[in-house]
């Protein structure tokens with residue numbers, strides 16, 4: 001819901017923006033809320049923490065007191081209403097701790113790339129150099145992802161399923177830890193923890209909400225100018241600044257991955273992020289897989305596979321595949337007109353390949369412009385504007 005603050009709420013919000021209540025409104029914070037009544041304009045007035053806000057009257061009644069979690073800040077903060085029975089207290093506590101710490105993989109990949117470009121990488125301890133090489137090895141290549149089995153393996157090794165695979169106690173445990181993305185991150189984090197204390201939690205006010213809240217979003221690389229500045233800022237004789245940044249980036253990436261794992265236990269869809277090792281840099285492929293709610297007449301289930309990717313040569317690209325065997329619908333979006341034309345030139349060979357696989361193509365389209373992010377999470381209660 002969109003909240004239009006009253007004049008009093010606007011003044012209170014101004015104080016929050018100035019920092020007087022910034023601590024209570026940080027990402028991941030849980031605030032007490034209660035309805036205050038309905039104003040003459042027919043809007044529901046809520047007190048949330050130290051703020052009084054207005055919102056449209058919801059379709060169902062609200063309890064006299066409840067809690068909300070701050071998912072995002074900025075011009076339109078998002079608050080999630082917490083159900084008393086939705087999760088165990090430990091689950092809520094851990095999620096609140098991880099949310100402010102998590103960050104996407106782009107910063108980590110840029111830091112690793114910057115370290116690899118510097119002569120000082122030879123000054124790193126051999127164990128850390130080996131761990132960074134294993135981290136790079138855990139990233140699939142674009143060629144791996146163009147094959148069905150390669151994509152399946154990349155999803156299995158994305159870190160989302162590491163603990164479940166460890167629980168089965170495979171005989172090739174060292175290989176599993178080396179090939180899995182989370183296993184490689186944990187190895188780097190463990191070595192950095194031995195060298196220096198872990199950096200304090202980031203606790204940024206601009207930390208990204210959980211992936212289930214944001215939906216698919218193409219994630220670009222760190223801009224080349226920013227990467228060049230990162231490389232130039234470090235002295236050739238001292239790797240410490242980049243190693244410190246690496247430590248924080250690894251912790252943030254692990255926090256993001258653990259939030260995804262926690263959400264996977266309660267959400268109907270899987271969200272997976274896969275770092276991809278290309279010839280000229282690393283990119284992040286985001287996947288969303290969920291069953292189609294209604295089943296076909298023959299009782300078979302359908303699936304929706306969404307993906308988002310931002311490549312330097314193509315720009316942001318997003319797609320959605322809906323499969324009800326043997327029928328398939330494919331919708332693509334691209335931010336650049338040249339990319340739309342380039343993708344459409346591949347439609348004829350794609351139709352031929354799908355027909356050879358026995359699939360009937362109901363739709364194949366590519367639109368200019370990116371779709372509005374769709375959240376599959378239904379617990380969003382409020383969107384506030386100041």
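Annotations
- Exposure proxy ranking, count of Cβ atoms within 10 Å, fewest first, for 55, 348: 348, 55
- Contour excess over end-to-end distance, with Cα ends at residue 195 and residue 166 and 0.36 nm allotted per residue: 7.8 nm
- Debye-formula intensities of segment 116-166, expressed as log10 I(q)/I(0) at q = 0.20, 0.21, 0.24, 0.32 Å⁻¹, are -0.79, -0.82, -0.89, -1.15 (one equal scatterer per alpha-carbon, no solvent).
- Using 0.36 nm per residue and subtracting the Cα-Cα separation, the extra length available between residue 127 and residue 179 on full extension is 17.1 nm.
- Rounded to the nearest 5, the antiparallel percentage of DSSP beta bridges internal to segment 292-375 is 70%.
- Length-normalised contact order for segment 292-375 - Cα pairs under 8 Å, 6+ apart - percent: 26 percent
- Legend: Rg and Dmax of segment 292-375, from Cα coordinates, 14.1, 43 Å.
- Fully extended contour minus Cα-Cα distance, from residue 280 to residue 356, at 0.36 nm per residue: 24.0 nm
- Take the Cα of residue 301, step 7 Å toward its Cβ, do the same at residue 153, and the gap between the two points is 2.6 nm.
- Annotation: the residues 48, 292, sorted from fewest to most other C-beta atoms within 10 Å of their own C-beta, follow the order 292, 48.
- Counting neighbouring beta carbons within 10 Å and listing from fewest to most, the residues 303, 333, 270 come out as 303, 270, 333.
- Relative contact order of segment 103-269: 43 percent, from C-alpha pairs under 8 Å at least 6 residues apart in sequence.
Just so you know, all these numbers are worked out from the coordinates, no wet-lab data involved. These numbers were taken from a predicted model, which means no experiment stands behind them. Virtual Cβ from ideal backbone geometry, glycine too; neighbours counted across all protein chains shown.
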